[in-house]
Amino acid sequence: MKRYPVSAERTIQIVKPQRNVAGIALGVALFAMLTAVGAYVRIPLPFTPVPITMQVMFVLLCGAALGPVYGTMAQALYVFIGILGLPAFSALGGGFSYFLGPTGGYIFGFVVAQVVVGSIISKRGSENASFLRVCLAMAAGLAVIHLFGALHLKTFLSASWTVTLSAGFIPFIFIDALKAASAVCAFMLFRDKLRYLCS
């Protein structure tokens, strides 16, 4: 049987998809883990059932680094781990019943925010996204997280919008803006490395 030589270019084309799959899988697992770790940095507040955590920063960075599809996969993996009963949620929480608590809406918002953040940034390619576009993406993602969080919290508290926003939004505006700004800076500084890891 006659054998034809395989060029270096064709060899790279064959090997590259395998490296991409591994990189994407690593990126998905990494951000699912970081989101869980962020839940352990927890500061309870006496006037609201919603604590301060570091999750928002990792969630926003996840969508920017992985894009809408793989970012959603990462957050879905995080949710799945928590549903299995592992202590992935704040206060070492786990199990499906956690979603019925005061912070269940925020966790669901983590997943939806990936579509928003990833779509805005990847519209022109993550490597070409301007600083303003990244800021817009992070702000939009943060708005989605708080929207879903507030909708669920209002039902949980059976309270007016004034009470709900006082408990689940107003106390967190400044601190979450700092988290979003940190996510913007981290992405702008390390997006080349993140793109190599997750692509």
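The values are calculated or read from the model by the stated rules, or taken from the named source; none is laboratory data. Remember, it's a predicted structure, so these values are computed and weren't measured experimentally. No Cβ is skipped: glycine too gets one built from the backbone with ideal geometry, and neighbour counts run over all protein chains shown. To get the accessible areas, we keep the full protein, side chains included, count just its heavy atoms, and leave off ligands, DNA and RNA. Shrake-Rupley method; radii C 1.70, N 1.55, O 1.52, S 1.80 Å.
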Q: Kindly provide the set of residues from the range 77-88 that are assigned to a loop (DSSP other than H, G, I, E, B) and either in contact with a strand residue (DSSP E or B) (Cβ under 8 Å, 6 or more places away or on another chain) or buried (at least 23 other Cβ atoms within 10 Å of the Cβ) (or both), ordered by number.
A: Pro87, Ala88
Q: Scan Gly95, Gly168, Gly67 and give me the residue that is at positive phi and more than 15 Å from the chain's Cα centre (by Cα).
A: Gly95
Q: Report yes if Leu77 is over 23 Å from Ala64 (Cβ atoms) and hydrophobic (A, V, I, L, M, F, W, C), otherwise no.
A: no
Q. Before we move on, is Gly23 buried (at least 17 other Cβ atoms within 10 Å of the Cβ) and either among the aromatic types (Phe, Trp, Tyr) or part of a helix (DSSP H, G or I) (or both)?
A. no
Q. What is the one condition in (1) touching a Phe, Trp or Tyr at 6+ places or on another chain (Cβ under 6 Å); (2) surrounded by fewer than 21 Cβ atoms within 10 Å (Cβ to Cβ) that Ala74 does not satisfy?
A. (2)
Q. Taking the range 89-104 only, how many residues are open to solvent by less than 40 Å² (accessible area, probe 1.4 Å) and either in contact with a Lys or Arg (Cβ under 9 Å, 6 or more places away or on another chain) or among the hydroxyl-bearing types (Ser, Thr, Tyr) (or both)?
A. 2
Q. Is there a residue in the range 119-141 that is open to solvent by 10 Å² or more (accessible area, probe 1.4 Å), within 16 Å of Val79 (Cβ to Cβ), touching a helix residue (DSSP H, G or I) at 6+ places or on another chain (Cβ under 6 Å) and in contact (Cβ under 8 Å) with a residue 40 or more places away in the chain?
A. no
Q: From the list Val56, Val50, pick out the single residue that is part of a helix (DSSP H, G or I), touching a residue at least 60 places away in the same chain (Cβ under 8 Å) and either touching a helix residue (DSSP H, G or I) at 6+ places or on another chain (Cβ under 8 Å) or of a type outside the set (Phe, Trp, Tyr) (or both).
A: Val56
Q | Val134 being out of contact with any strand residue (DSSP E or B) (no Cβ under 7 Å at 6 or more places or on another chain), over 25 Å from Ala167 (Cα atoms) and assigned to a helix (DSSP H, G or I) | A | yes
Q.
Just to be sure I understand, how many residues within the range 153-199 are open to solvent by 50 Å² or more (accessible area, probe 1.4 Å), within 20 Å of Val115 (Cβ to Cβ) and part of a helix (DSSP H, G or I)?
A. 1
